Amino acid sequence: MRVSQIGEFGLIDRLGRFQNLTARVIKGIGDDAAVLRYHVQRHQLLTTDMLVEGVHFLRSMPAEKIGRKALACSLSDIAAMGGVPTIAVVSLGIPKDLTVRYIDKMYAGMLRLARVFGVSLAGGDTVCSAKITINVALLGEVERTRLVCRDGARIGDEIFVSGPLGGSLKSGRHLTFTPRIREARFLVGHFKPTAMMDISDGLAGDLGHILKASGVGAVLMMNAIPVNHGVTLRQALTDGEDYELLFTLAKPVARRLQSRFPNKFFAIGEIVSKKDGLRLMDNVGKSQPLNLRSFAHF
Ligand code: ADP
Ligand code: MG
């Protein structure tokens, strides 16, 4: 059997068989970051994200932005858990003919973003490879009471996103997005999301991960989904690399958030029973199953 036959998520499910968790690990595979027992009041978070030339970026793109993106993707996963990022290590695969100047620029871009979020760049690994590869492993911390996972969405909760979706690759936004650390910290401090993740593979598929983990279904309202300029609804549902937060809130909390920040967080639908699956409701209140595929590597 080839990887393309089981797909990216089929493969990850399979790799779960090789997961061995000591008592320190509260959450392993299945969320945006692993959750580790650490301190009476705080958990540690650990995530890793890899960018490969030709898949996530082209060598012709500005090196500063590529370095920046490598860290930003990991920061986004720490945000998705409600945490604060702390320390990163960076592994590089570098083709022999790449200029040192290019690598300096990648690191300058990474360092600038690390400083913005108070993250230490504290080591890494360097090897020779055919394509430029950058992996950022990142630690974070979150107060136990503020941790938000993918499995807490409940029937009746409202679904939100933190910004407009779609067209990230075409517009170049995937290289310049701001990871939603501040927004996530604000939410977990004042509004207690029941579930949260970052949208890296597209709203339709990523919401599917929250639904699966929480054992629920959802109805999205077509006319409520914020869409980037020049982007179709279908692209907003499937494009990916948005790195906005996708989260759920109990109704009374949702109303409070909406009345106070109507232009910052967008209510896009509601959590329903698992048997209803994922549905998209049109402007006249008719809904149909939403079966769009999001980005997957295989
Ligand atoms: P994200 O897009 O949030 O970075 P991914 O889609 O990369 O998340 O991964 C989803 C989940 O699968 C995560 O919990 C991650 O730890 C796990 N995962 C991904 N790749 C592997 C792997 N090679 N081995 C074990 N777990 C993996
Ligand atoms: Mg994620």
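The values are calculated or read from the model by the stated rules, or taken from the named source; none is laboratory data. Note that the coordinates shown come from a computational prediction; the quantities given were computed from them, not determined experimentally. Every residue, glycine as well, gets a Cβ built from its backbone with ideal geometry; the counts of neighbours run over all protein chains shown.
Structure notes:
- Count - residues of segment 4-53 that are farther than 24 Å from residue 296 by Cβ and under 17 Å from the mean Cα position of the chain (by Cα): 2
- Pair list, Cβ < 8 Å and 6+ apart or interchain, from segment 6-33 residues that are at positive phi and not assigned by TED's automatic domain parsing to the domain that holds residue 214 to residues that are away from ligand 2 (no atom under 16 Å from the Cβ) and not in a helix (DSSP H, G or I): 7/298
- Test result for residue 173, surrounded by fewer than 24 Cβ atoms within 10 Å (Cβ to Cβ), out of contact with any Phe, Trp or Tyr (no Cβ under 9 Å at 6 or more places or on another chain) and in contact (Cβ under 8 Å) with a residue 40 or more places away in the chain: no
- Test: residue in segment 182-200 that is within 16 Å of ligand 2 (Cβ to nearest atom) and charged (D, E, K, R): yes
- Identification of strands (runs of 3 or more DSSP E) wholly contained in segment 212-298 with 1 or more residues that are charged (D, E, K, R) and touching a residue at least 60 places away in the same chain (Cβ under 8 Å) yields 266-272, 278-281.
- Subset tally (residues that are within 16 Å of ligand 1 (Cβ to nearest atom) and either outside the structural domain of residue 131 (by TED's automatic domain parsing) or closer than 18 Å to residue 134 by Cβ (or both)) for segment 34-56: 9
- When the test is whether a residue is assigned by TED's automatic domain parsing to the domain that holds residue 228, touching a helix residue (DSSP H, G or I) at 6+ places or on another chain (Cβ under 6 Å), aromatic (Phe, Trp, Tyr) and more than 16 Å from residue 87 (Cβ to Cβ), residue 186 does not pass it.
- Matching entry among 131, 105, 96 (being among the basic types (Lys, Arg), surrounded by 17 or more Cβ atoms within 10 Å (Cβ to Cβ) and not assigned by TED's automatic domain parsing to the domain that holds residue 232): 105
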